[in-house]
Structure formats: C-alpha cells, structure tokens
C-alpha cells in the first residue's frame, strides 16, 4: 500500500450470547458450541464468561455479584447484537438474567434474536408445569387465580416483541427454533445492512 492509501476491512460483527448456559456444569463447552454456530455464519460469539470477574478476598457476595453484572453489561455494549436463549429455565419461563439482558440490549438499540429449544408456547409450558384452568371470564388461571398469558407466544410478550421488531419471522411462537436458526436470521439481517466498514 502507498503512503496515501487507506485499508478498508470488512466489519466484524460480534454477538453477545445471552442465556442460562453459564449455569451448566461445563459452561465453556456450551460456549464453544455457540461460538462455532456463530462462526459458520461469519459472526463472532461473545460469551458472558468472557468478562468473568473472580471474587476478591473478603469481598461480600453482593459486591461480587454487582461486578459480574457490570462486566456482562459492558460486553453487551461492546457487541453489535444479541443472540438470546429464551428457553424455559427452572420453570416454564426464560431465565430472568437473560430477560434483563434482552431488555438492556433493546434499550441500547441492539438487534435481539431470541430463540427457544422447545416448540411449546408459554401457555403450554405453564400448563405442563402445574395446574392451569379456564376461569369463567375465559382467561387461563393458575391455582392462585393469577392469569396466565395466552398470546400464543414462546415467551412473555415483553421478550418476544422487541426481538421481532423490524425483522421477518419464520419461527416458533414468535421465537426462532434453536440457536442455528437465530444465528442464520442474524446473518441475514447483517447482510441487509448498509456497508459499515472499519477503517484501520
């Protein structure tokens, strides 16, 4: 290259991998599987534990937890989009930490591609988890009389709606069916974006 030349490289898209995989016995193995899925579509996967912070001697657990949260949010700010595993976790609903990260990313204007590993709707999963019956007003209610959401979606409406805004959806109950489908959708979305090269 000459002295006056500027090298223009293709932008590298980075995706934050939100989900409950961090709680698995071997989260590193799960991370590598997800990273491989991303790599097949030209995306770099960033796992929450990439920003892991160890507890310091004598540090209160709550203080350590706050630093973990700050590190994860920093990773989201440093990435271009979020791939979120909204599969049921310890019950019929998505992991609450993942839900928070989806909301945080949406507030930042990051595209969120949510997926689930089950084809059941939130109502179907809730009914399988415990007694749910129709009340006289036509609503589904749990034993405490609380209404169970019935929009035919794969997660709470607050998680599904931001994840599908401005993007076509051929998914299950408003969520992509599996990580591979979500990553493919993210790659298709990226391909439709205006060129945004990085100048080195």
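The values are calculated or read from the model by the stated rules, or taken from the named source; none is laboratory data. The shown structure was predicted, so the numbers you read here are calculated from the model rather than taken from an experiment. Every residue, glycine as well, gets a Cβ built from its backbone with ideal geometry; the counts of neighbours run over all protein chains shown.
Quick one: in region 41-66, of everything that is in contact with a helix residue (DSSP H, G or I) (Cβ under 9 Å, 6 or more places away or on another chain) and assigned to a helix (DSSP H, G or I), which residue is modelled with the lowest pLDDT? Don't jump to the end; show me each part of the working.
As a first pass, look at region 41-66 and keep what is in contact with a helix residue (DSSP H, G or I) (Cβ under 9 Å, 6 or more places away or on another chain): 41-56, 59.
So of that shortlist, the ones also assigned to a helix (DSSP H, G or I) come out as 48-51.
Working: 48: 96, 49: 95, 50: 94, 51: 81.
Here the answer is 51.
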- Unmet criterion (only one of (1) out of contact with any strand residue (DSSP E or B) (no Cβ under 6 Å at 6 or more places or on another chain); (2) under 23 Å from residue 192 (Cβ atoms); (3) modelled with pLDDT under 90) for residue 130: (2)
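Mind counting the residues in region 30-40 that are more than 16 Å from residue 84 (Cα to Cα) and touching a helix residue (DSSP H, G or I) at 6+ places or on another chain (Cβ under 9 Å)?
Residues meeting the conditions: 1.
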- With respect to the numbered conditions (1) crowded, with 16+ Cβ neighbours inside 10 Å; (2) in contact with a helix residue (DSSP H, G or I) (Cβ under 7 Å, 6 or more places away or on another chain); (3) under 21 Å from residue 15 (Cα atoms); (4) in contact (Cβ under 8 Å) with a residue 60 or more places away in the chain, which one is the sole condition not fulfilled by residue 154? (3)
- Query: So which of 110, 90 is under 13 Å from the mean Cα position of the chain (by Cα) and in a loop (DSSP other than H, G, I, E, B)?
  - Reply: 110
